Amino acid sequence: MSLFRKKNSLAPAYSWRGTAAEPGILVHYRSDHHERSDTLFWCLSWLALLLHLHLFITDAHNLPQQAYRWLLIGSYALMFLAPAWLLARPLAWLPRSLQLGGQVLLVVLVHLLAHVDNQLWTLQGHHLGDLSRGAIMDFLRALNPLPLAAAFLLIQSLLRSLASLVILFAPRLPLPGLRVVLLTFLVATCAERLGYALGHYEHNRAVLRMAQGMPFHQPLLIDGYLKELRN
């Protein structure tokens with residue numbers, strides 16, 4: 001079973017069949033250029049979100065903590081991108097320009113929500129899920145995320161253009177399929193949860209702080225609720 005998706009061996013939409021002695025005919029092939037450029041765009045967006053989340057999580061002090069840190073960042077970056085990828089699937093019925101614009105805007109929204117949540121956690125020690133709608137709106141007005149949204153929009157637009165350009169000049173570039181992505185996510189998530197469980201058992205505050213600093217993640221808060229239930 002191949003780990004990479006290869007739908008057809010010919011990248012161009014058209015190919016010429018024939019020889020110099022016998023004129024050939026122009027044969028049309030179904031091109032997967034759009035699908036492959038979309039796949040590369042989501043891979044690049046995952047890397048960009050990986051680097052973005054990398055700024056939020058404190059540095060590890062040894063190799064096991066460093067391994068846990070990258071498992072945490074990698075698995076959550078995939079999980080944060082999953083809703084944007086699912087919402088972008090129905091856009092395939094729209095014109096290509098609207099498809100590309102929708103993909104970019106969805107990823108920008110993911111970056112923006114993650115950044116706002118991190119700012120809230122840094123300044124007030126809360127995640128977005130802890131606040132009411134009115135409190136969130138007040139915080140957004142004080143933060144003024146419009147310049148940041150413009151920066152994310154520019155970066156993602158460049159990544160979208162880069163993905164199309166790379167596939168145009170390297171149409172047979174190997175890309176991971178959906179099965180590989182799901183397997184990677186399951187392995188990384190299970191390993192990260194196991195690492196967190198060991199850190200919780202050993203009262204490793206460095207590991208717990210890493211997990212607590214991840215946007216929208218509240219392991220210590222959930223642990224407090226469980227202790228109250230046990231009591």
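The values are calculated or read from the model by the stated rules, or taken from the named source; none is laboratory data. Note that this is a predicted model, so its numbers are computed, not measured. For neighbour counting, all protein chains shown are included, and Cβ atoms are generated from backbone atoms with ideal geometry for every residue, glycine included.
Here are the numbers for the structure shown:
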item: Residue ID - surrounded by the most Cβ atoms within 10 Å (Cβ to Cβ), chosen from residues in region 131-167 that are outside any helix (DSSP H, G or I) and at pLDDT below 75; result: LEU131
item: Answer from LEU94, LEU123, LEU86, LEU109 - the residue that is hydrophobic (A, V, I, L, M, F, W, C), surrounded by fewer than 19 Cβ atoms within 10 Å (Cβ to Cβ), within 13 Å of the chain's Cα centre (by Cα) and over 16 Å from LEU153 (Cα atoms); result: LEU86
item: Hits in region 109-129 (condition: touching a residue at least 24 places away in the same chain (Cβ under 8 Å), in a helix (DSSP H, G or I) and of a type outside the set (A, V, I, L, M)); result: HIS111, HIS115, ASP117, ASN118, GLN119, TRP121, GLY129
item: When residues of region 16-62 are limited to those that are surrounded by 16 or more Cβ atoms within 10 Å (Cβ to Cβ), outside any helix (DSSP H, G or I) and not small (Gly, Ala, Ser), the one modelled with the highest pLDDT; result: PHE56
item: Selected residue [in contact with an Asp or Glu (Cβ under 6 Å, 6 or more places away or on another chain), more than 21 Å from LEU51 (Cβ to Cβ) and either of a type in the set (S, T, N, Q) or surrounded by 15 or more Cβ atoms within 10 Å (Cβ to Cβ) (or both)] from LEU72, LEU100, LEU128; result: LEU128
item: Failed criterion for ALA92 (all others in (1) small (Gly, Ala, Ser); (2) at pLDDT below 95; (3) under 16 Å from ALA163 (Cα atoms) hold); result: (3)
item: Close pairs from region 96-108: first assigned to a helix (DSSP H, G or I), partner surrounded by fewer than 19 Cβ atoms within 10 Å (Cβ to Cβ) and among the β-branched types (Val, Ile, Thr), Cβ under 9 Å, at least 6 apart; result: VAL108/ILE155
item: Pair list, Cβ < 6 Å and 6+ apart or interchain, from region 56-67 residues that are over 19 Å from GLN119 (Cβ atoms) to residues that are surrounded by fewer than 12 Cβ atoms within 10 Å (Cβ to Cβ) and of a type in the set (Phe, Trp, Tyr); result: none
item: Condition met for PRO174 (loosely packed, with under 13 Cβ neighbours inside 10 Å and assigned to a loop (DSSP other than H, G, I, E, B)); result: yes
item: Cβ pairs under 6 Å, 6+ apart, first in region 134-155 and more than 18 Å from TRP121 (Cβ to Cβ), second hydrophobic (A, V, I, L, M, F, W, C) and part of a helix (DSSP H, G or I); result: ALA149/LEU112; PHE152/VAL108; LEU153/VAL108
